[in-house]
Every structure is written in structure tokens, then in C-alpha cells.
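The values are calculated or read from the model by the stated rules, or taken from the named source; none is laboratory data. This one's a predicted model, so the numbers in the text were calculated from it and none came from an experiment. Glycine also receives a Cβ, built like all others from the backbone with ideal geometry; neighbour counts cover every protein chain displayed.
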Amino acid sequence: MRSRLVNLLEMTGDIGSFGYRVVRDIFHAPFEMEEIGRQIVEVGSRSVPLIAACGLAIGVVMSLHTRASMVRFGAKSMIPAVLTIAMFRELGPLVTGLLVSGRVGAGIGAELAGMRVTEQIDALESLGVDSFKYLVVTRVAACAVALPVLTILMDFMGSTGGLFAEMAVSHSSAQLYIHRAFASMVWSDYIPSTLKTTVFGLLIGTISCFLGYTASQGATGVGRASTRSVVVSSLVLIMIDIILVKLTVFWFPAQS
Amino acid sequence: MISQPSAIRIDHVSKSFEGRAVLEDVSFEVASGEAFCILGKSGTGKSVTLKLIVGLLSPDQGQIFIGADDIQQLSRTNLLRVRQTVGFMFQDGALFDSISVRENIAFPLRRHTDKSGEEIDGIVRGMLSQVGLEQDGDKMPADLSGGMRKRVGLARAMVLNPPVLLVDEPNSGLDPVTASEIYKLLADLKQKQHRTLVVVTHDAPGVRRFADRLGVLDQGRMLESGSMEQLAHSKNDLVRALVSPEEV
């Protein structure tokens, strides 16, 4: 039990110093813009179908569930607003973070671990390339940039799913739904919650890169890095989300 | 007589992993244009020695020089610069598996030179031809055999024209014919291009055609070093067995 606790604390410290190095190096040349662009495509564009499909499904399901509850209280007209605010404030950012940690986190962990055990990282270094900047900083930066964009997509697809469900069930017009959905929205409903996904991106990128970049033990190590990337980054993301939500509520009390 | 600095110098280097000593007080020098081969059984610290030379690992004790540069005293930027003067051919090639053979070889040129795309294409074609893989430039590393991977690794290590080349187990996992082809490439580099070679192997007969000197590592210590003939008459049984296995 004690050794597990020590290991956990050690890993936390190691990830912390790894993250510090990422933040330090991200502002120092060379900036590897080409590789960052390639990674944004890898992290962002290739996640679009997954995020869009999930957003749509969540919107539909949320709408159906919300309707069942709201009808009981005679608040059917509130469904679009409740759904949209829930989607923009919390569901969109959190679900996007978890989906990206599953798809991208596992990929980064496995890819870097594979490169480590097959000496590709050593080969990069031996060719005079700073492997940390080239492999780690670029991926973390790409995650931090891609997450907010993917979150906006998730939010809009969720709202669209809700719209489709409402149109199908209550035959209300799209114009009325959109008016009700966004009439009561204020900027603090979507700006802080979207920006917090930059932190999610930094966490997913840093944790996955750490576990991949420091992997060992051959093929077993690759599998372990991949699995742990998803588990650790998802858990950390959920815990940090609680703190960020509390901070948002603290900083924007009037709208909360 | 003016003494030239060695291309590589290792001074009383020790290295251990998790308390297990892998190298103990190892010293040797490799002169410019010389081919030095490190012989030893598996797990005696040969590959670790190569990684120490380019700073992929740090020694616990001792100093390592590439030319006049003490690599432990170099800043990160300068270490990366010095590494461009030392080619490293890894045991399994260590090719970047997400890009083609052609892109693997072009990678150092794109990173470190201002050459145009056309110039780079020309150089890459030349390197592919030199290692006998003219037809395989568009293949992915996963589609190559072990020998082809090593040859691509060699081409990538040489593409920046480094004066020094480190080679890790050039014959491991290869049939005798393919191994002989790799040795021939190394011999050409030594004899025609006067490159400095440090080759780690356990195959003394294979490196006979280009090795100027050999050093025998055992249990982390450099037992002896000298020419093939000198070591063939060593009083140490292991040294004789490694240098002339056919006579044992």
C-alpha cells in the first residue's frame, strides 16, 4: 500500500516536472510550426467524425430525457435553453475531453512508447534533433489548440441533435427552438467552459506524452503506456474539471 | 611532431544501471580515419558505449570527447550540433516508421541544411544507390527486410556526411551474404571516404577487412586492445576466442 502511494507521488512529481519542461520549451525556438500543424490535423481533424457523431447523439438523448422531466413540471418551453446551457457549460467540454483522451491520448502514448522501445527517439537525438521539442512539445501544443475547437463542434452538434429531437417529437419550428435555446445564454455560459478545454488539452497531451516518452519494457511497455494514458488523463481531467467549475462559479457568480 | 586530437576519446568511463555496473573504468581513443571495433559477448556494454559517445546516456564517471569537445560540458544546443558530425547506425535501423524510406534519408537534410527539394531528392537517390536500394525509396520501413533496414539506417546516418560513424552490431540477425554486403559498405566508407568508424560487434572475422584496431570488452572492462594479429596471440582465452573463433 505504502509503495503504491510512493509510486503515485513519484509519478505525480515526474509528470509535474515534465509539464514544466513542456511549458518552458513551448516558448523557445525552434518552434517546430510544421510539426505542430501536422499534429493539429492528427489530433483535430481526425477526431471530427467521432466528436460530431457523439455530439449529435448526446443532444438527441439529452433532449428525450429532459423532455420527460420538464413535462412533469409544465416547463416544456424551457427544454431548448436547459439543453443548450447544459451542453455548452459542462457536457460539451467534459465529453470532448474524455473522448479526446481516449482517441488521442491512447494514440500518443502508444506512438511515443513504440518510438522509445524501437530506438526511434534515440535516432532522432543522434541526428541532432531535440526529440522533446519535436515529439512532445508539438503534441501538447496541438492538443491545447485542438480541444477548444473540437468542444465548439461538440456544443453545436449537441444543440443540433436536441433541435432534431424536439422537431421530431413536438413538431416545433427550428426558428422557435433556436430562439429559446440561445435567448437566455450569456457569454459566461460558453467562454470560460470552452477555454478550460485548453487546460484539458495540456493535461491530455502532457500525461500521454510523459507515459509514452518514458516507456520501457518492449511491447508490454507500449500497451501499458497506451492504457495508462487513457486512464490517468481521464481521471486527472475529471478531477481538474471539478476545480475549474468551482473557479468559474467563483469568478462569474452573477451568471452562475 | 604535432599531435592531432583523436576523433573519439573515452577517458576512465563508468556506467551502471540500477546498481548494476555495465562499464567500469573504460578508456580508449580512436584516431581520425581509423576503424576501431569493439568486440564482446552479448550484454557486456558495447551498445551502451556507443550511446555514451553521442550523449544519449551520461556516464557516472569519466569523460568523453568528440574531437576537442567534452560532450558532458556542452550545452544542449551544442550537443545537438556536435551530434550532426557523428552518424549512428542502430542495431535494427531505428527507422522512423511513419515515413517512407526516401523521407527517412531526407529527414536530416531537411532539418539541418538549406538545400532545395530537388537537391535533396538528388542526394537521397545517390544514397539509395550507394546502399543498393534504388528501387525501394517509396517503401515504408515495415515493408523492408532486416538487411534493408540496416542499409537504410546506414544511408540516413551518412547523409549529412559526418566524419565519424558509429555502427551497432552491423551483422546481427542477418544471413552471411547480407552481412557481407554491409561490411563491404563499411569498408568502402573507411577506405574510399576515410571516415572514422567505431563498430560494435561480436563478429571479428566479419570486420577483418576494414578494422585497424579492436578492443575486447568483457563484464564492463576493456580487457585488451590492439591489431587483429596482436589480439589473436593474446594470453587471454576469451580475447583469442572472440578474435579467432575458427581456431577455438
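Among the helices (runs of 4 or more DSSP H) confined to region A:2-72, there are none with at least 3 residues that are basic (Lys, Arg) and under 15 Å from A:Val137 (Cβ atoms).
Per the listing A:Ala225, A:Ala219, the residue uniquely assigned to a helix (DSSP H, G or I), modelled with pLDDT under 90 and within 16 Å of A:Ala113 (Cα to Cα) is A:Ala219. When region B:164-184 is examined, which residues are found to be more than 25 Å from B:Ser32 (Cβ to Cβ) and part of a helix (DSSP H, G or I)? Answer for region B:164-184, where residues must be more than 25 Å from B:Ser32 (Cβ to Cβ) and part of a helix (DSSP H, G or I): B:Pro176, B:Val177, B:Thr178, B:Ala179, B:Ser180, B:Glu181. If you check B:Arg151, B:Arg125 for being within 21 Å of the chain's Cα centre (by Cα) and either farther than 17 Å from B:Ala106 by Cβ or of a type outside the set (A, V, I, L, M, F, W, C) (or both), only one passes: B:Arg151. Within the set A:Ala123, A:Ala141, the sole residue that is more than 12 Å from chain B (Cβ to nearest Cβ), at negative phi, crowded, with 20+ Cβ neighbours inside 10 Å and not polar (S, T, N, Q) turns out to be A:Ala141. Do we have B:Asp70 as at negative phi and within 14 Å of chain A (Cβ to nearest Cβ) here? Criteria not met by B:Asp70.
What are the residues in region B:31-84 that are of a type in the set (D, E, K, R), free of Cβ contacts under 8 Å to residues at least 24 places away in the same chain and buried (at least 16 other Cβ atoms within 10 Å of the Cβ), if any? B:Lys51, B:Asp69, listed by residue number. Among the residues of region A:66-97, those that are surrounded by 20 or more Cβ atoms within 10 Å (Cβ to Cβ) and farther than 21 Å from A:Ile242 by Cα comprise A:Thr66, A:Ile79, A:Pro80. Selection within region A:105-120: residues that are buried (at least 22 other Cβ atoms within 10 Å of the Cβ), over 23 Å from B:Lys150 (Cβ atoms) and of a type outside the set (A, V, I, L, M). The member of this set that is nearest to the other protein chains (Cβ to nearest Cβ) is A:Glu111. Looking across region B:88-112 at every residue that is of a type outside the set (A, V, I, L, M, F, W, C), touching a residue at least 40 places away in the same chain (Cβ under 8 Å) and more than 8 Å from chain A (Cβ to nearest Cβ), the one that is farthest from B:Lys150 (Cα to Cα) is identified as B:Ser100. Of the candidates A:Val136, A:Val100, the single residue that is surrounded by 24 or more Cβ atoms within 10 Å (Cβ to Cβ), over 26 Å from A:Ile58 (Cα atoms) and not basic (Lys, Arg) is A:Val136. Filtering A:Leu94, A:Leu99, A:Leu112 for residues that are more than 19 Å from A:Ala183 (Cα to Cα), in a helix (DSSP H, G or I) and touching a Phe, Trp or Tyr at 6+ places or on another chain (Cβ under 7 Å) leaves a single hit, A:Leu112. The set of residues in region B:107-153 being of a type in the set (Lys, Arg) and surrounded by fewer than 20 Cβ atoms within 10 Å (Cβ to Cβ) consists of B:Arg110, B:Arg111, B:Lys115, B:Arg125, B:Lys139. If the condition is being of a type in the set (A, V, I, L, M, F, W, C) and farther than 30 Å from B:Gln63 by Cα, then region B:73-108 contributes B:Phe96, B:Ile99, B:Val101, B:Ile105, B:Ala106, B:Phe107.
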